[in-house]
Amino acid sequence: MNKQLPELMFLKSRDGKEGCSLSAPEIADDLCVLAADKLRKDIADFPQLSEVEIVRHYTNLAHLNYSVDAGFYPLGSCTMKYNPKINEKIANQPEWNAHPYSPIHLVQGNLEIMKSLEELLMKITAMAAFTLTPAAGAHGELTGLRVIRDYLTDKGDARKIVLIPDSAHGTNPASSVLCGYQTKEIPSNENGILEVETLKKHLDKDVAALMITNPNTLGIFEKNIVEIARVLHENGSLLYMDGANMNAFMGIAKPGDLGADVIHLNLHKTFATPHGGGGPGSGPVGVAKDLVKFLPVPIITHEGKEYKVRYHNESGSNRVKNFYGNFLVIIRALVYLLELGKENIRQVAEDAVLNANYIRKKLEPYLDLPYKSKSLHEVIFSDKGLTVKTLDIAKRILDYGMHPFTIYFPLIVHGAMMIEPTETESKETLDQFIDIMIKILDEAKKDPAFVQGAPYSTPVTRLDEVMAAKQLILRWKPAATQTN
Ligand SMILES: *Cc1c(COP(=O)(O)O)cnc(C)c1O
């Protein structure tokens, strides 16, 4: 593999070449809405190319993409698993196309789809009700925290603080602050989990909730969760469980049974809908019985034979998104669940855990494992004791044509390599990844500078990522006029 960036169209341009095989459309002058002097005669600086050159240009650009459909994608925390094509096929049926203001009696099927998914998610999680409207995990967090805030305020017990363990995903503190809370970070122990005693030390009457991810971002199950829930509830505080890692234990345990008051799920992670390319996500929020009335509208109900939509809520909770959420993502998730069936939901979790542990066992002799607790769906190594850094290894993986793992997260692990193979990968693919890792570690031992110079086969090599984020260049311009 030695991929090159296609030559810029502007540089290939030759005067007089045309990419259009049809003659200019004959638009009657009197049909043209723009005044003649406003019409462009020429487009300045447009490249002049033939049709086939343009087709090849874009096709070659598209081939530079990497995706789950192209190869292994062990990006920890993101659950980049394979999304079955049947989900796409069904989501693309024209029958679902409905204007969001369509009369309710004409969209009974669409409402049934949404209600069916809500009900399945309730079964999987043992929560009392769901809203499907949030557009992503982080949006679900904000929605869930609003429910907590409104519930406590309604009880006359508004509180100021949300406790968050130090292993948390960055969206947890961000959502809390956006919801008007102060956050307090609390440490996890040497086994990578939260101790009940630590929680107690930080608990007082101002704590609205603990926001905990389970299994956490170290891939470790928070085994004190039931006692944590009890201690929180005794203090009048609530338990928010970030359910982004639900693929590690769905079908085996249910957050509601563990004492969670609010959870969010990521349909685009656990429930196999595509993500990672900026496409729409979905972050349904499930709540316990006492909090149901604080869920945002619209609420879909099933009265008698008919589905209805309620836009008013006795608690006055507002909507969090226009209309009903990302409907086509909801369809994909429902298809995924129906296709799996009840028995195989558990199999998903078992395979996710098996795959992560297979990688852990095979790479443990070569890499430092900062937390020895049992791994669930992902495993976190560090670069301790190596001749090169985590970044160097990730860059070298690109030369082998694979997507690297998540690097430098969670923040509590120095030089973290966060590997999440997911349940959809075969043993052969895992072995291939493991072989590549062992090869790279061997290269690093023999010639660290070589690995530090990677990648060698990609169109661009090491980038100044800080600069790239701070000085976005979103539009190519000829060098002479490049100003930003
Ligand atoms: C992905 C993730 C989130 C955020 O979800 P988005 O859909 O990306 O907004 C929150 N928490 C954890 C643990 C996650 O892995």
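The values are calculated or read from the model by the stated rules, or taken from the named source; none is laboratory data. This one's a predicted model, so the numbers in the text were calculated from it and none came from an experiment. We place every Cβ from the backbone using ideal geometry, glycine too, and count neighbours over all the protein chains shown. In case anyone asks, the SASA skips ligands and DNA or RNA and just uses the protein heavy atoms, side chains included. Shrake-Rupley method; radii C 1.70, N 1.55, O 1.52, S 1.80 Å.
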- request: For Gly219, state whether it is assigned to a loop (DSSP other than H, G, I, E, B), open to solvent by less than 40 Å² (accessible area, probe 1.4 Å), in the same structural domain as Ala174 (by TED's automatic domain parsing) and more than 25 Å from Ile412 (Cβ to Cβ).
  value: no
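Every residue, every condition in (1) within 11 Å of the ligand (Cβ to nearest atom); (2) closer than 29 Å to Asn92 by Cβ; (3) assigned to a loop (DSSP other than H, G, I, E, B), yes or no:
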site: Ile228; (1), (2), (3): no, no, no
site: His233; (1), (2), (3): no, no, no
site: Gly251; (1), (2), (3): no, yes, yes
site: Gly256; (1), (2), (3): no, no, no
site: Asn266; (1), (2), (3): yes, yes, yes
site: Ala272; (1), (2), (3): no, yes, yes
site: Asp290; (1), (2), (3): no, no, no
- prompt: Just checking, which of Ser102, Ser167 is within 16 Å of the ligand (Cβ to nearest atom), out of contact with any helix residue (DSSP H, G or I) (no Cβ under 6 Å at 6 or more places or on another chain) and modelled with pLDDT under 95?
  reply: Ser167
- prompt: What number of residues within region 211-226 are within 13 Å of the ligand (Cβ to nearest atom) and within 26 Å of Phe294 (Cα to Cα)?
  reply: 4
- prompt: Out of Val147, Val207, Val196, which single residue is in contact with an Asp or Glu (Cβ under 6 Å, 6 or more places away or on another chain) and either in contact (Cβ under 8 Å) with a residue 12 or more places away in the chain or under 21 Å from Arg319 (Cβ atoms) (or both)?
  reply: Val196
query: Looking at this structure, is Pro284 within 16 Å of the ligand (Cβ to nearest atom) and open to solvent by 40 Å² or more (accessible area, probe 1.4 Å)?
result: no
- request: Considering (1) modelled with pLDDT under 95; (2) buried (at least 16 other Cβ atoms within 10 Å of the Cβ); (3) of a type in the set (Gly, Ala, Ser), say which one Gly277 fails and leave the rest.
  value: (2)
Unmet criterion (only one of (1) surrounded by fewer than 24 Cβ atoms within 10 Å (Cβ to Cβ); (2) under 30 Å from Lys155 (Cα atoms)) for Gly251: (2)
In region 47-68, residue nearest to the ligand (Cβ to nearest atom) [restricted to those that are free of Cβ contacts under 8 Å to residues at least 12 places away in the same chain and of a type outside the set (Gly, Ala, Ser)]: Asn65
query: Does region 140-160 include one or more residues that are open to solvent by 10 Å² or more (accessible area, probe 1.4 Å) and within 16 Å of the ligand (Cβ to nearest atom)?
result: yes
- line: A careful count of residues in region 222-248 that are farther than 16 Å from Ile164 by Cα and open to solvent by less than 10 Å² (accessible area, probe 1.4 Å) gives 4
